[in-house]
Amino acid sequence: MVDVICYLCKDGRLSSPSSALKAPLAAILPNVPGLVIHVDPSCSLLEAIDLILQGAQNLVVPIVTRFTTKTRRKQHQKPSPTPTLHDGREFCWLTQEDIVRFLLNSIGLFSPIPALSIDDLGIVSADVLVADYDSPASSAVGAIARSLAEQTSVAIVDGDGVLIGEISSFALAACDETAAAAIATLSCGDLLAYIDCGGPPEELVRVVKARLQERGLQATVNEFAISPSNSNPSLSSDEECAAATPTSVLLRKLGRCNSRLFSYSSRLVRRSEAIVCNPKSSLVAVMIQAIAHRVNYVWVIEEDCSLIGIVTFYHMLEVLREHLENLA
């Protein structure tokens, strides 16, 4: 979905979304070789880690089934189609998260590295994708596409460098193709509110439609049935107060005050929330945090919530792989 949204945002394709959506899939495939690699089931864990460090994001592995009387009998039956069946073989999909989760289960073998801080280990990267809260969301399309390829996200910061939230594949994948219209017309801050909390607020839907019409894109308004979220669960008094606050202003306040306090359960509701740690966080703590929130990275911030950098599964695997090399 993120590939589709980014494709619609480029080269004036929003003037006729229906025509653009008839393009072949080849038009949106990433031009990056080696993102997905087929490996043999006998491939070792070290070899798998090396492939990831060389740029692979996902490993496709054929599933080897032991032959029994029962399985032979099943082979004579007409197989039912499954999403993982291809040319008579079944495959599984291994991600960076799968490998990091496996290593976490044996983290004691890497002692004392897991207890060291990410700062001491030197794995905090300053190479981050950042967009200003007040800048047009359309200016971040390139960064969004790159974040998808790198399995990270785009940090949204204010003028003081304070982390407010993020535009992530996780959030955009929960939208549909009409999110391209929001990216084309809103600021980054307003886009956070648009993709947040289960659906776009009515006020921002009106803004998107009005700005599309101002640009002569009435056809886009007609083709895209953009509608606000209908979900309106019962709210506590604090939530009612939050609901009465303009969404973009609320997100700015939340980013300044509470970005370190969001729980996993809140992430199920707030999709633009950024998962953060501080430079003194231990490697094992950051690994657990990333896996618990189902993300491939954790933002690193100062006490005042200003953005320092990012730690990714790639950086974690680099450190653990080096330790395994030393053991060998």
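The values are calculated or read from the model by the stated rules, or taken from the named source; none is laboratory data. Because the structure is a prediction, the values reported are computed rather than measured. When we count neighbours, we look across all protein chains shown, and the Cβ atoms used for this are built from the backbone with ideal geometry, even at glycine. We work out accessible area using only protein heavy atoms, side chains counted, and drop any ligands, DNA or RNA first. Shrake-Rupley method; radii C 1.70, N 1.55, O 1.52, S 1.80 Å.
Values for this structure:
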quantity: Rg ratio (alpha-carbon, reference 2.2 N^0.38 Å) - the range 158-221; calculated: 1.16
quantity: Spin-label pair Glu302/Asn58, simplified geometry with 7 Å Cα→Cβ offset, distance in nm; calculated: 3.9
quantity: Residues Gln218 and Asn278, FRET efficiency given R0 of 51 Å [Cβ-Cβ distance, rounded to 0.05]; calculated: 0.55
quantity: Gain on full stretching of the segment that runs from Trp93 to Lys10 - 0.36 nm per residue minus C-alpha separation; calculated: 26.8 nm
quantity: Accessible area per residue in Å² at 1.4 Å probe, computed on the range 83-199; calculated: 41
quantity: Per-peptide average of other Cβ atoms within 10 Å, ordering 21-33, 101-113, 291-303 highest first; calculated: 291-303, 101-113, 21-33
quantity: Amide N of the range 279-306 lying under 20 Å from the label point, which is placed 7 angstrom from the Cα of Ile107 along Cα→Cβ; calculated: 279-301
quantity: Ala149-Ala225 pseudo-label distance in nm [points 7 Å out on the Cα-to-Cβ vector]; calculated: 3.6
quantity: Computed lengthening from Thr65 to Asp176, 0.36 nm per intervening residue step minus Cα-Cα distance; calculated: 36.2 nm
